[in-house]
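Notes follow once the structure below has been shown.
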Amino acid sequence: MTEHIYIVEDEENIAKGIRLNLEAEGFRTEIIPNGKDAIARIIKKPPDLVLLDVMLPGASGFEVCDSVRQHGLRVPILFLTVRESEDDRVKGLELGGDDYMTKPFSVRELIQRIRAILRREQWYQQTATPDNLLLFGGNEVNFTAYKAITFRGEEISLTQKECMLMKLLVENEGNVIDRDTILDKVWGYDRYPSSRTIDNLILRLRKYFEVSPREPRYIHTIYGAGYRFTGDSTAA
Amino acid sequence: MKKKTRTSRHFVLFIILATLALAQLSWWIFYQVGEGNRYSVFQEKIWNQQIVTAELWKESHPDWTEKRYHTWLMANFPDLATDESTGAVIIKSEKVSELNRLSAGRRRMFISEGVFFSILLLLGIGYMYWTMRREVIVEKQQAGFLSATSHELKTPITSLQIYLDTLAERKLSKEQKQSLIGDMKDDLDRLLALIERLLRTQSVMDKRNRPQLEIQNISEITSELIKRFENRIVAKKIKFTCQIEDGIFARVEDERWRIIVNNLLENAIKYTGQQGRVSLNLSQSNNRINLILEDNGIGFPKREQERIFQRFYRIGNEDTRSAQGTGLGLFLVREIAESFDGRAYAFSEGEQKGARFTVELPVIKE
């Protein structure tokens, strides 16, 4: 199946150039030159990936991304913008963007990044566990719905990154996953985040799922190496 | 958002400084007035002690005579006198009223000086606040200009890079190649136009480059210039009406008059939607020449009608702005019009209600 990509870009020449290249690579494309129209279109018919400019008429790219995520849609978003400040980059990624590229860019790199995002997405869509549910320590994680019921009986929503990291750990149950693998599988690009972000994510997962986050039973830090998940069968 | 916080931070700082300064000044007035009162009390105490000393002198000099006593009193305590009816020592009444006058004068002086200094201080702090606020606004506009210019530069460069990559790496038909090359030319034109605009701005802004005013047939120059916009007017399906009176002469610099017409027409086309209306009118009445550009495009809120002529000023949110630009066009129009002893102003009924831009020039006296 050929993946469908929306090119949300108001500069006609840029949109046309990207379209030509993506179609040559076998993708189906659709150009949307207005932020408001993009929100409506993505919600109505989510594509496999969105290339999103920031400065757009109607609604900014940040507003589009935020609105799409507010609607609970996890469609991968790659920001393509002239805005190159660290603040903008962080803002884009925090709003739920999957990657952030600044203009001008090389077409080859753009296609590599698109493929990397689609690969990550494909990996995530493959079920890790039966029914895509994970049960451990009285917790139940639903990878499809991005939700979990904790051992306290609380229902919580999980972010995409939390789910991806959890899935990566579970797939490698009992083995140590190093930071580079986490960055590559969960983020897939190099400038963001810092190692601290991974630590924070791990701390959050422990807070959700561990009875005593300071003495974890399931999500362990292996100093100097990375992290390891041990399920109920292997937990100490 | 950040800049707004900075402005309000400046306001808080202004209030704190003003309050502290006023508090310090009020305390100073209060202290000085109190000091005056303390001086009066002290003086009265001295006089009372002198009266006691004078009484004691009398007692210790049983052989005193009125004359001797008076001489001694005058020599030692000139502020005292003897009451003629009772013979008691008293303070001279003129001394008491002098002390009261002095005390009241001091009070008046400190209060009026205090008020004067308060006003001066408040004006100073207010001026400081105003300058800081202005600086923040200018900084914000400059940042907006840099961001807009960088966007304007990078957009055609991005498109050029995509097209170059495409030409280098893809197998394309002859028609596809032709189409790409055509688009690349447009991008180059856009880049050149931006650079030219920046250089022109620099040249107009440079005070050494005074306009070379000569009597020019601006009807001819304007008509000729409009031809350059024909393609864009047709492409956007704009209904364009143009009325140019023949043979209008004005004292202008050819190149700079072109900038005025170009920028106004450029804006009218840019901010008017597909199939919109744009009209250009150049006419002369008894005492002035009028160039009026009118459109039924996006217009602007009434409160913005002065601000749109400020350097780097652009209406609306940078993230959702659809039109290209750097915030220099109208600024140049006004600067140049004023250098021709004319003026430029704008009017709009409001957003989405079109706009009218007028440039007035003086008529050449025979």
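The values are calculated or read from the model by the stated rules, or taken from the named source; none is laboratory data. None of these values were measured; they are calculated from a predicted model. Virtual Cβ from ideal backbone geometry, glycine too; neighbours counted across all protein chains shown.
Structural remarks
Residues checked against (1) in contact with a helix residue (DSSP H, G or I) (Cβ under 6 Å, 6 or more places away or on another chain); (2) part of a helix (DSSP H, G or I):
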{"position": "B:Asn48", "(1), (2)": "no, yes"}
{"position": "B:Val52", "(1), (2)": "no, yes"}
{"position": "B:Ser85", "(1), (2)": "no, no"}
{"position": "B:Glu94", "(1), (2)": "no, yes"}
{"position": "B:Phe110", "(1), (2)": "yes, yes"}
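- Top-ranked residue of segment A:78-106 - restricted to ones that are without any contact (Cβ under 8 Å) to a residue 24 or more places away in the chain and among the polar types (S, T, N, Q), ranked as nearest to B:Gln161 (Cα to Cα): A:Ser106
- Residue within segment A:25-38 that is within 20 Å of the chain's Cα centre (by Cα) and buried (at least 21 other Cβ atoms within 10 Å of the Cβ) present: yes
- Residue check, B:Glu220 of a type in the set (Asp, Glu) and surrounded by 14 or more Cβ atoms within 10 Å (Cβ to Cβ): yes
- Number of the exception - B:Leu99 against (1) farther than 19 Å from B:Phe30 by Cβ; (2) more than 14 Å from chain A (Cβ to nearest Cβ); (3) surrounded by fewer than 14 Cβ atoms within 10 Å (Cβ to Cβ): (3)
The rows are residues; the columns are (1) without any contact (Cβ under 8 Å) to a residue 24 or more places away in the chain; (2) closer than 25 Å to A:Gln160 by Cα; (3) within 14 Å of chain B (Cβ to nearest Cβ).
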site	(1), (2), (3)
A:His4	no, yes, no
A:Ala15	yes, no, yes
A:Leu22	no, no, yes
A:Asp48	no, yes, no
A:Val64	no, yes, yes
A:Val68	no, yes, no
A:Pro76	no, yes, no
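- Qualifying positions in segment B:143-179 - more than 15 Å from A:Val82 (Cα to Cα), within 8 Å of chain A (Cβ to nearest Cβ), in a helix (DSSP H, G or I) and of a type outside the set (Asp, Glu): B:Tyr163, B:Thr166, B:Gln176
- Output for segment A:104-134, where each listed residue is touching a strand residue (DSSP E or B) at 6+ places or on another chain (Cβ under 9 Å) and either at pLDDT 90 or above or in a helix (DSSP H, G or I) (or both): A:Phe105, A:Glu109, A:Leu110, A:Arg113, A:Ile114, A:Ala116, A:Ile117, A:Leu118, A:Glu121, A:Asp131, A:Asn132
- Flag for B:Thr131 being out of contact with any strand residue (DSSP E or B) (no Cβ under 7 Å at 6 or more places or on another chain), part of a helix (DSSP H, G or I), within 14 Å of chain A (Cβ to nearest Cβ) and not small (Gly, Ala, Ser): no
- Failed condition for B:Val359, given (1) farther than 30 Å from A:Asp53 by Cα; (2) free of Cβ contacts under 8 Å to residues at least 60 places away in the same chain; (3) hydrophobic (A, V, I, L, M, F, W, C): (2)
- Among the residues listed as B:Gly273, B:Gly325, B:Gly316, B:Gly329, the single one being modelled with pLDDT of 85 or more and either of a type in the set (D, E, K, R) or closer than 24 Å to A:Asp10 by Cα (or both): B:Gly329
- Screening B:Arg210 against (1) farther than 17 Å from B:Val261 by Cβ; (2) more than 14 Å from every other protein chain (Cβ to nearest Cβ); (3) surrounded by 13 or more Cβ atoms within 10 Å (Cβ to Cβ) leaves a single unmet condition, (3).
- Residue among B:Leu56, B:Leu99 that is modelled with pLDDT of 85 or more and touching a Ser or Thr at 6+ places or on another chain (Cβ under 7 Å): B:Leu99
- Checked against the criteria, B:Asp183 does not count as assigned to a helix (DSSP H, G or I) and in contact with a Ser or Thr (Cβ under 6 Å, 6 or more places away or on another chain).
- Residue check for A:Tyr146: within 30 Å of B:His151 (Cα to Cα) and hydroxyl-bearing (Ser, Thr, Tyr): no
- Exactly one residue among A:Val186, A:Val170, A:Val107 is farther than 19 Å from A:Pro213 by Cα and either surrounded by fewer than 15 Cβ atoms within 10 Å (Cβ to Cβ) or outside the structural domain of A:Glu23 (by TED's automatic domain parsing) (or both), and that residue is A:Val186.
- If the condition is being in contact (Cβ under 8 Å) with a residue 12 or more places away in the chain and loosely packed, with under 14 Cβ neighbours inside 10 Å, then segment A:136-158 contributes A:Gly138, A:Thr144.
- Among the candidates A:Ile31, A:Ile117, residue that is touching a helix residue (DSSP H, G or I) at 6+ places or on another chain (Cβ under 6 Å) and either more than 12 Å from every other protein chain (Cβ to nearest Cβ) or in contact (Cβ under 8 Å) with a residue 40 or more places away in the chain (or both): A:Ile31
- Considering (1) touching a strand residue (DSSP E or B) at 6+ places or on another chain (Cβ under 7 Å); (2) under 26 Å from B:Ile218 (Cβ atoms), the lone condition that B:Ile259 does not fulfil carries the number (1).
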